[in-house]
Amino acid sequence: QVQLVESGGGSVQAGGSLSLSCAASGDTYSRYCMAWFRQAPGKEREGVAAFHFSAITTYADSVKGRFTFSKDSAKNTLYLEMNNLKPEDTAEYYCAADCVRWLGYFPWYEYKYWGQGTQVTVSS
């Protein structure tokens, strides 16, 4: 019942920046549970940043201090500001919303709705 559409991906040199956006639509969207994930070729999907009911944003250790998660509830849009990008950040990035089950570890919840992904490529 919720549609998520990512945008803003592209190619950038190491040390550069990119800003990703995720527009949400539908009648069951929750502003209290949302996250960004990524999946690199040959690797498992991993959480990048998560905002949950505690109102605290948490990040994967690999991106802490470089990525910033934000949201605009009025626009139903999620953002991921990525700075000082590294080649290891290369991956397909996905936004997710609406928690459905507690995991007990970062990114804390299983999410119900997912976008189609946007590719981020960082060259050395």
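Looking at (1) in contact (Cβ under 8 Å) with a residue 40 or more places away in the chain; (2) of a type in the set (Ser, Thr, Tyr); (3) surrounded by 14 or more Cβ atoms within 10 Å (Cβ to Cβ), which is the only condition Ser73 fails? Failing condition for Ser73: (3).
Test Trp36 against the criterion of being among the aromatic types (Phe, Trp, Tyr) and farther than 20 Å from Gly10 by Cα, and give yes or no. Steps first, please.
Numbers: among the aromatic types (Phe, Trp, Tyr): yes; farther than 20 Å from Gly10 by Cα: no.
In short, no.
Set side by side, the residues Val48, Val63 differ, and just one is farther than 23 Å from Gln1 by Cβ, modelled with pLDDT of 95 or more and out of contact with any Leu (no Cβ under 8 Å at 6 or more places or on another chain), which is Val63.
At least 1 residues being acidic (Asp, Glu) is the threshold, and among the strands (runs of 3 or more DSSP E) wholly inside the range 1-100 those reaching it are 2-7, 46-51, 67-72, 77-82.
Here Gly65 meets each of (1) farther than 20 Å from Gly26 by Cα; (2) open to solvent by less than 10 Å² (accessible area, probe 1.4 Å) with one exception, condition (2). Only a single item in (1) assigned to a loop (DSSP other than H, G, I, E, B); (2) open to solvent by less than 30 Å² (accessible area, probe 1.4 Å) is not met by Phe106, and it is number (2). Taken across the range 18-32, residues that are free of Cβ contacts under 8 Å to residues at least 24 places away in the same chain and farther than 20 Å from Tyr113 by Cβ do not occur at all. Arg45 satisfies every condition listed in (1) closer than 12 Å to Pro107 by Cβ; (2) open to solvent by 60 Å² or more (accessible area, probe 1.4 Å); (3) under 11 Å from the mean Cα position of the chain (by Cα) except (3). Exactly one condition in (1) within 18 Å of Gly8 (Cα to Cα); (2) touching a residue at least 12 places away in the same chain (Cβ under 8 Å); (3) surrounded by fewer than 19 Cβ atoms within 10 Å (Cβ to Cβ); (4) more than 12 Å from the chain's Cα centre (by Cα) is false for Leu85; which is it? With (1) within 18 Å of Gly8 (Cα to Cα); (2) touching a residue at least 12 places away in the same chain (Cβ under 8 Å); (3) surrounded by fewer than 19 Cβ atoms within 10 Å (Cβ to Cβ); (4) more than 12 Å from the chain's Cα centre (by Cα) applied to Leu85, the lone miss is (3).
The values are calculated or read from the model by the stated rules, or taken from the named source; none is laboratory data. Please read these numbers as outputs of a predicted model, since none were measured by experiment. As a convention, Cβ positions derive from the backbone with ideal geometry for all residues, glycine included, and neighbour counts pool all protein chains shown. With ligands, DNA and RNA removed, areas are computed over all heavy atoms of the protein, side chains included. Shrake-Rupley method; radii C 1.70, N 1.55, O 1.52, S 1.80 Å.
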